[in-house]
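See structure below.
No lab work stands behind these numbers, since they all come straight from the coordinates. Remember, it's a predicted structure, so these values are computed and weren't measured experimentally. So basically every Cβ, Gly included, is an ideal-geometry build from the backbone, and we count neighbours across all protein chains shown.
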Amino acid sequence: MIELASPSKINLFLRVLNRRPDGYHELASLFQAIDLCDRIQIRLSDKDHLTCSLAHLPIDQTNLAYKALTLFRKKTGIHEPVEVYLEKNIPIQAGLGGGSGNAATTLWGLNELFGRPATEKDLSCWAAEIGSDISFFFSQGTAYCTGRGEHVQPLTCLPSTALWIVKPGVGLSTPKVFGNLRLGSLQQRCPQSCLKEFTLGRWECFNDLEESAFQMMPELQVYKQKLLDSGFSQVHLCGSGSSLWCQGEGSLPKFNDAEVFRVNFINRSSNAWY
Ligand code: C5P
């Protein structure tokens, strides 16, 4: 039996460059894995048995862990039945890439269980077929991602940094947040320059999806302002939301309708999972 942590991520900066003919958006984003993790158990079995700790989130063909199993079978020709159990801790519709992390972790776990028929690079390439930000998790946890998000340039790990994640009760749909985006209103920052500044220790964090998410969910802007007023120096949307990450010397205010998580950056070594 294999049991693995399935991490989530934040985007330290996220630029949306344009809308592509295939309906996706061209991104340039600095991704960082965080230690808010689900857990996945995978074992050989006499028939497939896929279950989840959240009764309302079955592992059926819409679930990325299921898609990862199907993909692994298609690519390797290995069809032995398995039991997969997913313990969910990462909130859904939060922009934290929880489902993408589940897919990456399932691919990694299956590859371990069956004696590593694929390389890390194979798994990372295959992953792009089922989602845009799954390949990121095959970096060591810090990467500059472009294209739909699937072109991953691994970066040196950033210093350990503690953050808060604030997840309002209501989630946001990724396609809807991208669909509501007004490209013309975005600040034309050069992502390469942002990346260079980061490598020099000068953090300029931002998320081009924020305006769209705030328009769809105005209370998110109120959350952000409250966190800034409480002394946090960085408060930004995670991915397409609805969670916010915040960092700095602030003290966390009370929220009636939000979950709050204390997290840190997480990285992995090559040939080991998170
Ligand atoms: O690839 P993934 O399934 O994670 O994307 C979910 C949805 O998010 C897409 O169907 C698309 O609407 C939107 N998306 C996008 N541009 C990206 C990534 C995602 O428009 N680069």
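In this entry, Lys254 is excluded by the filter for residues that are away from the ligand (no atom under 16 Å from the Cβ) and not in a loop (DSSP other than H, G, I, E, B). Step by step: first the residues of segment 180-196, then only those that are part of a loop (DSSP other than H, G, I, E, B) and out of contact with any helix residue (DSSP H, G or I) (no Cβ under 6 Å at 6 or more places or on another chain), then the one that is surrounded by the most Cβ atoms within 10 Å (Cβ to Cβ). Which residue is that? Among those residues, the one meeting the criterion is Leu186. Within segment 167-179, can one find any residue that is of a type outside the set (Phe, Trp, Tyr), over 17 Å from the mean Cα position of the chain (by Cα) and in a loop (DSSP other than H, G, I, E, B)? The answer is yes, given that some residue of segment 167-179 is of a type outside the set (Phe, Trp, Tyr), over 17 Å from the mean Cα position of the chain (by Cα) and in a loop (DSSP other than H, G, I, E, B). Restricting segment 17-41 to residues that are in a strand (DSSP E or B), within 16 Å of the ligand (Cβ to nearest atom) and more than 16 Å from the chain's Cα centre (by Cα), the residue that is surrounded by the fewest Cβ atoms within 10 Å (Cβ to Cβ) is Asn18. Condition test on Ser233, is it assigned to a helix (DSSP H, G or I) and either more than 16 Å from the ligand (Cβ to nearest atom) or within 20 Å of Ser8 (Cα to Cα) (or both)? It is false that Ser233 is assigned to a helix (DSSP H, G or I) and either more than 16 Å from the ligand (Cβ to nearest atom) or within 20 Å of Ser8 (Cα to Cα) (or both).
Criterion first (in contact with a helix residue (DSSP H, G or I) (Cβ under 8 Å, 6 or more places away or on another chain) and surrounded by 17 or more Cβ atoms within 10 Å (Cβ to Cβ)) does Cys246 satisfy it? Break it down into steps so the answer makes sense when it comes.
Working: in contact with a helix residue (DSSP H, G or I) (Cβ under 8 Å, 6 or more places away or on another chain): yes; surrounded by 17 or more Cβ atoms within 10 Å (Cβ to Cβ): yes.
Yes; evaluated as a whole, the condition is true for this residue.
For segment 20-57, the tally of residues that are out of contact with any Phe, Trp or Tyr (no Cβ under 7 Å at 6 or more places or on another chain) and of a type in the set (Phe, Trp, Tyr) stands at 1. Restricting attention to segment 205-243, the residues that are touching a helix residue (DSSP H, G or I) at 6+ places or on another chain (Cβ under 6 Å) and not small (Gly, Ala, Ser) add up to 6.
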